[in-house]
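Reading through the structure tokens given below for one structure.
Please treat every number below as a calculation from the coordinates, not as lab data. Computed from a prediction, not measured in an experiment: that's the story for all the values here. Cβ atoms come from the backbone with ideal geometry, glycine included; neighbour counts cover every protein chain shown.
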Amino acid sequence: MTFVTRFAPSPTGPLHLGHAFSALTAFRRAQDKAGTFLLRIEDIDQSRARPEWEALIFEDLHWLGLDWSDPVMRQSDRLPAYRAALDRLAARGLLYPCACSRADIRAALAAPQEGAALHGPDGLIYPGTCRGRSMDEAGPGDSLRLDMARAVASLGALPGFNETGPLHPGCHALDGSELVAGVGDVVLARRDMGTSYHLSVVVDDAAQGITEVVRGADIFDATRIHVLLQALLGLPHPAFHHHDLIRDETGKRLAKRDDARAIRTYRDEGRSPAQVRAMVGF
Ligand code: GLU
């Protein structure tokens with residue numbers, strides 16, 4: 001099987017050294033395996049995505065010496081594919097509409113009988129307030145949540161995934177009770193977007209034929225959601241390679257607003273692509 005990987009940035013700010021490391025890691029893995037390196041623009045959050053950030057992504061990556069095979073996938077073009085995946089999950093009775101705001105969720109979890117609030121990969125674990133609602137009542141003000149307990153029960157044997165990264169190498173089996181208790185009913189379609197990061201990334205990795213997902217270790221905890229969704233949607237399971245994160249001198253991981261470490265800033269200062277690649281170990 002040909003090796004296919006991708007770099008999937010969101011055009012919501014300048015790329016920084018952490019992105020350079022991620023893109024170079026994926027690119028080099030594809031080169032080493034005589035495989036294919038693809039680009040995907042993750043712009044489902046149209047309130048934050050900007051064409052100028054997208055243009056800068058292309059410029060910065062070319063400047064670093066990367067190139068990719070066509071076509072570039074843009075998530076804002078893919079809403080019908082996300083809709084179709086949601087319809088399939090809904091037809092199996094695995095989705096329900098939810099009107100709860102963050103404040104509602106916090107209030108429900110603050111009720112004395114609930115005990116300590118738990119955090120999962122998406123923040124507070126949803127207390128299940130809307131779980132009894134049917135998809136027939138779904139309206140424009142609702143998000144759509146996955147009923148995690150039903151999803152797990154619907155699968156029988158749960159899949160696992162193969163991790164090729166340095167931090168947790170080996171095979172990881174999904175644990176059903178841990179998914180229910182430690183992840184919970186995640187949102188698969190946000191009310192303002194009609195999709196979510198989790199759903200889009202799974203549908204698109206399959207559509208792009210990705211055989212190894214290369215990305216930061218900060219997303220490791222969300223990977224089990226993606227592997228579960230692949231199984232629910234009958235999609236292939238790629239391998240995963242979660243790489244270390246680039247941190248600043250205080251040990252904090254770099255964020256989009258870290259303009260000082262933006263690739264563009266180094267370009268403007270007259271650094272060479274080789275110097276910036278060397279800063280992240282390439
Ligand atoms: N778009 C995500 C980010 O910018 C990465 C997506 C992924 O690799 O799953 O962090």
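So here's what we get for this one:
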quantity: Tilt relative to the chain, helix 220-232 - C-alpha long axis, 0 to 90 degrees, to 10; calculated: 60 degrees
quantity: Globularity ratio of the stretch 60-128, using Cα Rg and 2.2 N^0.38 Å; calculated: 1.80
quantity: Orphan Cys of the chain, criterion: no other Cys C-beta under 4.7 Å; calculated: Cys100, Cys171
quantity: Within-12-Å neighbourhood charge of Leu89 [Cβ basis; K, R +1; D, E -1]; calculated: +3
quantity: Protection proxy ranking of 138-145, 265-272, 16-23 - average other beta-carbon atoms within 10 Å, highest first; calculated: 16-23, 138-145, 265-272
quantity: Fully extended contour minus Cα-Cα distance, from Arg190 to Ala34, at 0.36 nm per residue; calculated: 52.4 nm
quantity: Cα-centre dipole for the stretch 57-166 with unit charges at Cβ (Lys and Arg positive, Asp and Glu negative), debye to 20; calculated: 520 debye
quantity: Euclidean distance of C-alpha centroids, the stretch 108-186 and the stretch 14-32, integer Å; calculated: 30 Å
quantity: D (Stokes-Einstein, µm²/s), Kirkwood Cα radius, the stretch 74-210, 1.002 mPa s at 20 °C; calculated: 131 µm²/s
quantity: DSSP beta bridge pairing in the chain, given as percent antiparallel to the nearest 5; calculated: 55 percent
quantity: The stretch 145-270 - charge dipole about Cα centre, Lys and Arg +1 at Cβ, Asp and Glu -1, debye rounded to 20; calculated: 280 debye
quantity: Size of electric dipole in the chain: Cβ of Lys, Arg +1 and of Asp, Glu -1, about Cα centre, debye, nearest 20; calculated: 60 debye
